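Novice: I'd like to ask some things about the structure below.
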Amino acid sequence: MTQSIKVLFVTTSNDKLGDTNTLTGVWLEEFTAPYYIFKDAGIDITVASPKGGPVPMDPKSQSIIVATQSSRRFLKDADAMKMLSNSISLQEIKAADFDMVFIPGGHGPLWDLADNKILNELLDEFNREEKPIGAVCHGVVALIALHNEKGDPLLKGKNLTAFSNTEEESAGLVKIVPFLLETELVSLGAVYSKAANYISHVVTDGNIITGQNPASSEALAKAMIVLLRHNQFLALSRKEPFLN
């Protein structure tokens, strides 16, 4: 029997925008679109967060105005909602148990995933094993504290994308967020690219796949599956070379 593929979702536990009383959390579409891409492909999903327990959802992402087919489906899916209400603490997670990792955004990650020691160690292990690492929108912030074997920022020279400065301006949060993600990535030496505001844009560089914004979530999840299957094919061909 073929062993099932396992993906780890790492979400924020943070539900406030800094010192304000404005609620935030994970942006629902960035969780739900990949969730159903993976689930419908028969991939096992585990959800983890820094604190464990309920994952906060940004209220704005649940509004009728921005609700997507996947988010509406998710909010009516009792099993899916139960999973989001019972995330596992990152301390209990072992990278060896998973084939790939995905980090959705929302503004919450800017405060608790930007330099999370436990998450850094997990992502370092995923990267050493060259397992697919996917991050979308503000979820890309989870990669900024990682380093390569030379001690340089892992993202130095990497082609990637994330929520852009112009998108942050359009959200009206430039003065509230701790830093602008695009600016931070460029300062680390990343080769940053972007599309127009809220247009899907996905970039793959080695085992790291990034998406610019919520609209990129579905394409990013599909790209992760393609990369994983490609890697599995290469591993199989090395183990069992084709005969002439």
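The values are calculated or read from the model by the stated rules, or taken from the named source; none is laboratory data. Remember, predicted model here, so these are calculated numbers, not experimental data. As a convention, Cβ positions derive from the backbone with ideal geometry for all residues, glycine included, and neighbour counts pool all protein chains shown.
Novice: Determine, yes or no, whether ALA235 is surrounded by fewer than 18 Cβ atoms within 10 Å (Cβ to Cβ), at pLDDT below 95 and at negative phi. Before you say what the answer is, go through the steps one by one.
Specialist: On the way: surrounded by fewer than 18 Cβ atoms within 10 Å (Cβ to Cβ): yes; at pLDDT below 95: yes; at negative phi: yes.
Here the answer is yes, as ALA235 does meet what is asked.
Novice: Report yes if some residue within the range 205-217 is among the aliphatic types (A, V, I, L, M), under 17 Å from TRP27 (Cβ atoms), touching a helix residue (DSSP H, G or I) at 6+ places or on another chain (Cβ under 6 Å) and surrounded by 12 or more Cβ atoms within 10 Å (Cβ to Cβ); otherwise report no.
Specialist: Our first condition is that a residue be among the aliphatic types (A, V, I, L, M); within the range 205-217, this holds for 208-209, 215.
Filter once more, so that each one left must be under 17 Å from TRP27 (Cβ atoms): 215.
Restricting the remaining residues to those that are touching a helix residue (DSSP H, G or I) at 6+ places or on another chain (Cβ under 6 Å) gives none.
Within the range 205-217, none of the residues are among the aliphatic types (A, V, I, L, M), under 17 Å from TRP27 (Cβ atoms), touching a helix residue (DSSP H, G or I) at 6+ places or on another chain (Cβ under 6 Å) and surrounded by 12 or more Cβ atoms within 10 Å (Cβ to Cβ).
Novice: Check LEU23, LEU90, LEU75 and return the single one that is within 22 Å of HIS138 (Cβ to Cβ), out of contact with any Phe, Trp or Tyr (no Cβ under 9 Å at 6 or more places or on another chain) and at pLDDT below 95. Even if it seems obvious, please write down each step before you answer.
Specialist: On the way: LEU23 fails: at pLDDT below 95; LEU90 fails: at pLDDT below 95.
Just one listed residue meets the conditions, LEU75.
Novice: For residues that are within 14 Å of GLY206 (Cα to Cα) and basic (Lys, Arg), scanning just the range 155-175, find the one that is surrounded by the fewest Cβ atoms within 10 Å (Cβ to Cβ).
Specialist: LYS156
Novice: Among all residue pairs at least 6 apart or on different chains, which show Cβ distances below 7 Å where the first residue, located in the range 218-239, is free of Cβ contacts under 8 Å to residues at least 40 places away in the same chain and the second is surrounded by fewer than 17 Cβ atoms within 10 Å (Cβ to Cβ)?
Specialist: As it stands, the answer is ALA219/SER200, since those pairs meet every condition given.
Novice: Here is a list of conditions, (1) within 24 Å of SER70 (Cα to Cα); (2) over 13 Å from the mean Cα position of the chain (by Cα); (3) aliphatic (A, V, I, L, M), and MET224 meets all of them except one; can you say which number that is?
Specialist: Answer for MET224: the failing condition is (2).
Novice: Now, a different point. Somewhere in the range 75-82, is a residue part of a loop (DSSP other than H, G, I, E, B) and within 19 Å of the chain's Cα centre (by Cα)?
Specialist: First pass over the range 75-82, keeping only residues part of a loop (DSSP other than H, G, I, E, B): 76-77.
Of the ones still in play, those that are also within 19 Å of the chain's Cα centre (by Cα) are none.
There is no residue in the range 75-82 that is part of a loop (DSSP other than H, G, I, E, B) and within 19 Å of the chain's Cα centre (by Cα).
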